[in-house]
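Peer 1: Structure incoming, see below.
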Amino acid sequence: MSTTAELLTANLHDVFGNRDAASRRAAIERTYAPDVLFTDPEGTVTGWDALEAKAAELLDPTPGAFQFAEEGRRYVSATHGALSWGFGPVGDPVARGVDVIEVRDGLVVTLTTILAEGQSS
């Protein structure tokens, strides 16, 4: 069973930062509940397929040099976690946000992405 800290890492790096579709899908299936709810400024989607589509939609059009980097501290409890991130070329992010997860039985059941003020999705 994964810890909240491990799930934060998997969410950011193994899923949303992973450009390999097969590896990303495997990470999705081991990180999230099948009926995971993902909310971002565009709305809410449900399930592995929808989450996978969101990750591909984000990564596919961006240059290969763009990657996620953790910014600041992690905040974790047994049931919730939060992690700030930047996305863009190393050292020069073009977007910043925070991911907040809810964990049950070692899986992410909700993921909410909040963007830094003044940014759009």
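Peer 1: Counting only GluC sites (Glu not before Pro) that sit in a DSSP loop (anything but H, G, I, E, B) with at most 13 other Cβ atoms within 10 Å, what is the longest stretch of the chain containing none of them? Intermediate results must be reported in sequence, preceding the final value.
Peer 2: Values: sites that count: E42, E117.
Looking at the chain, 43-116 is the longest stretch - no exposed GluC sites (Glu not before Pro) with at most 13 other Cβ atoms within 10 Å.
Peer 1: Per DSSP helix of 4 or more residues, -39500 (n - 2.57); summed, then divided by the residues of the chain. What does that give at 222 nm, rounded to the nearest 500? Walk me through the numbers before you get to the answer.
Peer 2: Numbers: 3 runs with 29 residues, N = 121.
The helix-only estimate for the chain comes to -7000 deg cm²/dmol at 222 nm.
Peer 1: While we're here: Order the following by accessible area, largest value first: V36, V76, V100. Probe radius 1.4 Å; ligands, DNA and RNA are ignored.
Peer 2: Details: V36 0, V76 85, V100 50 Å².
Descending order: V76, V100, V36.
Peer 1: Would you please classify the overall shape of segment 18-121 from the alpha carbon gyration tensor, given that a ≥ b ≥ c denote the square roots of the eigenvalues, rounded means a/c under 1.5, and beyond that prolate means a/b larger than b/c while oblate covers the rest? Each step should come with its number before you reach the end.
Peer 2: Values: a/c = 1.59, a/b = 1.21, b/c = 1.31.
Verdict is oblate for segment 18-121.
Peer 1: Return the FRET efficiency for the residue pair E29, A116: r is the Cβ-Cβ distance, R0 is 25 Å, and the value is rounded to the nearest 0.05.
Peer 2: Values: r = 30 Å, r/R0 = 1.20.
E(calc), rounded to 0.05, equals 0.25.
Peer 1: Need the full-extension length gain, R74 to M1, defined as separation in residues times 0.36 nm minus the C-alpha distance. One decimal, nm. Working shown, then result.
Peer 2: Values: separation 73, 0.36 × 73 = 26.28 nm, distance 1.92 nm.
Once the chain is fully extended between R74 and M1, it gains 24.4 nm.
The values are calculated or read from the model by the stated rules, or taken from the named source; none is laboratory data. All values derive from a computational prediction rather than experimental measurement. Backbone-built Cβ (ideal geometry, glycine too); neighbour counts: all protein chains shown. Accessible surface areas use protein heavy atoms only, side chains included; no ligands, DNA or RNA. Shrake-Rupley method; radii C 1.70, N 1.55, O 1.52, S 1.80 Å.
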